[in-house]
Every structure is written in C-alpha cells, then in structure tokens.
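Heads up: the structure comes next, in structure tokens.
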Amino acid sequence: MNNTETARQPYDPAMLFKALFLTLVAIFVLVPLLATLLGGFKSLGELRVNPFGLPRHWEWQNYADILFSGRYWQLLRNSLIISTLTVTLTLIVASMAAFTFAHVKFYGSSMLLSYLTLGLLFPAATAVLPLFIRVRDLGLLDTYFGVALPQVAFSLAMSVLLLRRFFKDIPHELLEAALVDGCSYIKFFRYVTLPLSRPILATVGTITFVNSWNAYLLPLVMLNTDALYPWPLGIMVYQGEYSSEWHLILAFITLTILPTIILFLLAQKHIVAGLTAGAVKG
Amino acid sequence: MARRIAIASPVSIAGEAPPQVAVRGPGWDGRFTVLILFLPPALLLFTLFVVLPIGEAAWYSGFNWNGFGKPTNWIGFDNYRFVLETRAFWLALRNNGLIIAVSLAMQLPLALTLALMLAEKFRGAVALRMLFFMPYILAEIATGLIFSFVYDGDYGLVASIWRTFGAEPPHLLASTDTAMLAVLIVIVWKYFGFHMMLFIAALQSLDKSLIEAARIDGATRAQTLRHVVIPLLYPTIRLSVFFAIVGSLQLFDLVMPLTRGGPADSSNTMVSFLYNNGISRMRVGYGSAIGVILFAICVTFAFTYKRWFMRDE
C-alpha cells in the first residue's frame, strides 16, 4: 500500500506520515475482510490458534460443501428475484412519474412532487408494523411482491428526484418539435427520453439494486418461509444453526458477499456515482 | 445508513418549480393521457406503502392490539407513556446520541483527512479510494457477522491479540460495558468511506484558481487548507453531518448480528428497540407508538437542520 514512494524527496516527513497513515487505515479496513476470507479455509482448531495468518492446511471442503449445497444458490436466487423485481418496477414507475414532472405542465405538479419527496424524511422502520398489517391484508405476506412493492415505494422519492433532474436537461424544443410532428408524449418518452437517459437509469438502478440486495428489515418482517429468504436472512439462520463453527460461517459470509464485491469491481463508477449522487447534486 | 438519501426537502422543491397553471391548448389531450397513465402508479404505491402506514401508526398507537382482528381496546396515550417510562427507550436514544457524537468526533475528521490525501493524484490513490469505500457497499448484516467474528472471545481476532499478551480474552459483545463501544467501532469502519467519497467529490469540483491565488499570495499549505479549502467544504461538511445523523436514526441491520441490542438493552438503537419490543412480539400499539416517536424525531430534525444549516443550498 506504500504508493507514495514516488515523492521526490524520499525522507520528506509529511510524505512519510501520509504513507504511514494510509497504510494504517488500509490495514484497519483489510484485516477483517482478509481474515474472513482466509478463515473459511481453516479448520476450527486452526482458526482458534491462527486467526490472522495464511492457513497451514487449506480446507477447500468448507467452501465446496456450501457451493454444492442447494441452500446457497437458493438464497442467491431469492435475493436476485426480489432485487430484480424491485429495480425493474422502480425504474418503470419512477421514470414515468419523473417524465411527467419534468415535461408535462399541469396544475398541482409541484405539490404532488413535494408529496413524493416526503418519503425522504423518515426510514421505513417507523411504519413497519402498519406496513406489515397492510401487506398481510393484501394477501402478499410471504411472497416476493410483499417485499418488493414496499421497497419500490420507499425508493420512489429518491429515484423520481434524480431522474427528473436528468430528464429536465433534455431540451424542451426537442419535445415540442416531436409533438408538432405528430409524435405522442408516450412515444417521445419511449424512443427519445429513455434511450438518452441510460446513464441516470443505470445509476438509479444500481442504488436500488444494492439497497434491495442488502436489505434485512423488510424481508425479515414480510417473509416466514425459509425457502423464500434472501441471503441476509438466510445467513442469519445459518449462523444460528452453526453458532460457533466459525470456519463454516466465515466461508458462508465470504461466498455471500462475493457477488457484491464482483459487482462493485465491475461497476465501480455507477456505484460510487449512484451512492453519492443525491448528495453531490443535492 | 443512508439507505434512502435525503437530498431536498419538499419545501425547496416547491420553490424550485413554481406552480404552473394548465393552459388548454394544442397537446392537452396528449398531456391528459400521460397524466392518467404515468402518474398514478407512483402515487398509488407511495400512498399505499409509505404515507398510509404512517397515518395508521398514529391511529394504532392508541390501542392495545396484537394485530389480529380489529383494534378495539382504545387506551389513549398510554402506549406513549409506557414507551417513555421504559429505561431501554432512553438507553436507545442515548446510543443514537453516541453514534452521532462518534460520527462527528472521529468519522468526519478521518474521512476529511483521507479525502484531502486521496484527492491528489498519485499512483494507487484510486485503488485506495475504492478500498476505503468498499465497506460501505457490503451488506450491514455481513459486516455485523464479520465483526462478531472479529470480537469473538474464543476464536476472534481481538481474542488472539489478547492471548499473545498472555491475557484472558474479553467477550466484548457480551458485556454491557463494551458492547456499544464495539458497535461504534464497526460503524466507523463501515461508513467512513462513504463520507470520504463525498469530500473527494467536493474537492474535485472546487475552483482550483482560489487555491492557486492563495498560494501565490504567500499562504502556506496549512494556511490554504485552514482558510480556503475547509471553508469551501462547509456545505459538504454540513451534508455529511446530516447523513451521519439520519443514518444513526435508521441503524438496525448492523446491530442485529452483533448484539441484537443487548446485553440488557445496552446497545439498542431506536430501530432495534422498536424491533425487539414492538415487531418481534407483535405489540402493534406499543410498536406504533415507538414508530411515531421516531418519525417525529426524524421529521423535526430534517426540517430544523435544513432551516438552520442548509438554508442557502
């Protein structure tokens, strides 16, 4: 991690301090992650005496057992279904609303937009009991939609604001010209707005996906059947079953966070942009 | 933390786009179709799953109700009295205060220092940025489990360090004295990277000519930092503080795998207190009262903060 060696004066105290500081923080971040990855390759006995170092004997069995069990894949599948539902619905519903707010003038427009942004003010947890009762009364308890629909509803405020801001930058003359030429609003939305807005759609999609993929409270309240559990719930059940067999739990954690880390490495730009977007532009 | 990021209050949105009076004319039919087709899905979902539940929470909080059948046992404001008389509620509130304090006193300076170091270009700067941001995208559940291993008194990393010094390892998460401290360290580990990224983004969009001007006028690096760069970052600092506070009020997932709010409620946050006392026992009235209190805190805070600190943005 000593990347500051490019400094011209090798013994500049400021540079030395900076390198030292960055190295310390890097260790602080990396050690728990590496210990988790490596812990999955150790036996329980070795974990106790050697939690930091490389395994003396690599136990591939821990990882193999999980990868060849149906359980791991079922959890990922459930998470993927819920997240995909949430992202798809959010993008469709939010982009339609954002388009209306950006391009269609009507009485009460700003009032309705303010109404939607109320959703930014409080966490889903505040109303989770009534939400549970509502989802139950709708017959959606213990279904994927019972988790996805509230997630969509809670991500709408942010998504509509980000999308609207982007849509507004599409020149209004373009819309007017299209309308004069007999194109409808809906066709304009479908064939002009959406294709031009890929970057912001990717950003909003990424935020929604990461939030849904990692979510715990809503699935915990809405789902009762193990077979439907997304991975954050499943891993808690797994930890309950293997309470102190840390080598197995660590292997399981590593495998469940692996998709997130791969996605992060592949889509760094969108993720960083997405998760800090509201902030920077706000 | 910033699960849903608050970026603008309804008030500022209203100011941004003055109400337009609809004028009938060419295109009205097309507009009408869009309004009928495009707005209702969002408004319906939002009303059904966000707004109505909040209203219902206020209504249910007047009942002693287990969630089955119709609520009939009206007890007025007793649920609120019960909540306020619970010691665990005040502990949870104190813990939320602690989280905010640690965010301000440790996380923010750490994030700012790292941002100042990493905003400059050098080999490895981008890799380090990504590394420091990575904890933020990991699920809170996974982070909590990783650290419950780190803190484990038998197998964990902390235990191993203790043993090399020949001491009997402590069970940090099982003691009322240390559980909250342990949670606070995890919070810093997980969230400092997010705040660092906010500062880096702000630093990169700073007007460089101001800094150059200060240097030309003979200001030292430290003086430039103190009198030019930091003041230019004030809006971002205010934003970062805002996120830290909002995040603390939502914190739940991270606490569950670590301590479940225990031992003896010593590490509950507001939301884990709500979960342990309302949701997991289906005490709908009592839980709704906690929810309404949390809602009131969030809304009051958001409006006050915007009014006092973020007026100009």
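Okay, here's what the table says:
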item	result
Links that overshoot a 26 Å alpha carbon limit, given the list A:Lys269/B:Lys208; A:Lys168/B:Lys208; A:Lys187/A:Lys269; A:Lys168/B:Lys190; A:Lys269/B:Lys121; A:Lys168/A:Lys269	A:Lys168/B:Lys208; A:Lys187/A:Lys269; A:Lys168/B:Lys190
Residues B:Leu43, B:Leu173, sorted so that the one with the fewest Cβ neighbours within 10 Å comes first	B:Leu43, B:Leu173
Residues of segment B:147-172 with amide N under 12 Å of the 7 Å Cα→Cβ point at A:Val31	B:150-151, B:157-162
Relative contact order of segment B:76-309, pairs being alpha-carbon contacts under 8 Å that are 6 or more residues apart, as %	30
Highest average packing first - B:125-136, A:135-146, Cβ atoms within 10 Å	B:125-136, A:135-146
Relative contact order of segment B:85-181, defined on C-alpha pairs under 8 angstrom at six or more residues apart (%)	13
Dimensionless Rg/Rh of segment A:130-191 - Kirkwood Rh, Rg from C-alpha atoms	1.25
Alpha carbon centroid spacing (whole Å) that separates segment A:204-277 from segment B:256-313	23
Ascending count of other beta-carbon atoms within 10 Å, so fewest first, for A:Phe166, B:Phe77	B:Phe77, A:Phe166
Potential lengthening between A:Thr225 and A:Glu241 on full extension [0.36 nm per residue; Cα-Cα distance subtracted]	4.1 nm
Listed residues B:Asp207, B:Asp78, B:Asp154, most fluctuating in chain B (Gaussian network, C-alpha, under 10 Å)	B:Asp207
For residues of B:126-136, the mean tally of beta carbons on other chains within 10 Å	5
Chain B, helix-only ellipticity at 222 nm - DSSP H runs n ≥ 4, -39,500 (n - 2.57), divided by all residues, nearest 500	-19000 deg cm²/dmol
Choice from B:Ala214, B:Ala179, B:Ala58 showing the highest fluctuation, given a GNM over chain B with Cα pairs closer than 10 Å	B:Ala214
Signed unit charges on C-beta, dipole axis of chain B, positive-most listed residue B:Phe295, B:Leu203, B:Met180	B:Leu203
Relative contact order for chain A, counting Cα pairs under 8 Å that sit 6 or more residues apart, in percent	29
Segment B:Lys70-B:Met130, extension gain: residue separation times 0.36 nm, minus the distance between their alpha carbons	16.4 nm
GNM result for chain B, Cα springs below 10 Å: residue of B:Leu206, B:Leu45, B:Leu172 fluctuating most strongly	B:Leu45
Range of Cα positions in segment B:76-309 per principal axis (Å), largest first	66, 53, 25
Whole-Hz ³J(HN,Hα) from phi, Karplus 6.51 cos²θ - 1.76 cosθ + 1.60, for segment A:160-172, glycine and proline x	4, 4, 5, 5, 4, 4, 6, 4, 5, 7, 6, x, 5
Model label zone, A:Arg190; criterion: amide N under 17 Å from point 7 Å along Cα-to-beta-carbon; scope segment A:96-113	A:96-97, A:99-100
Computed magnitude of the charge dipole of the protein assembly as shown (debye, nearest 20; Cβ of K, R +1, Cβ of D, E -1)	880
Inter-label distance, nm, simple model (7 Å from Cα along the C-beta direction), B:Phe77/B:Asp154	5.0
Sorted by Cβ density within 10 Å, fewest first, the residues A:Val31, B:Val188	A:Val31, B:Val188
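Just so you know, all these numbers are worked out from the coordinates, no wet-lab data involved. Just so it is clear, the structure is predicted and the values come from calculations on it, not from any experiment. Positions of Cβ are backbone-derived with ideal geometry, glycine not excepted, and every protein chain shown enters the neighbour counts.
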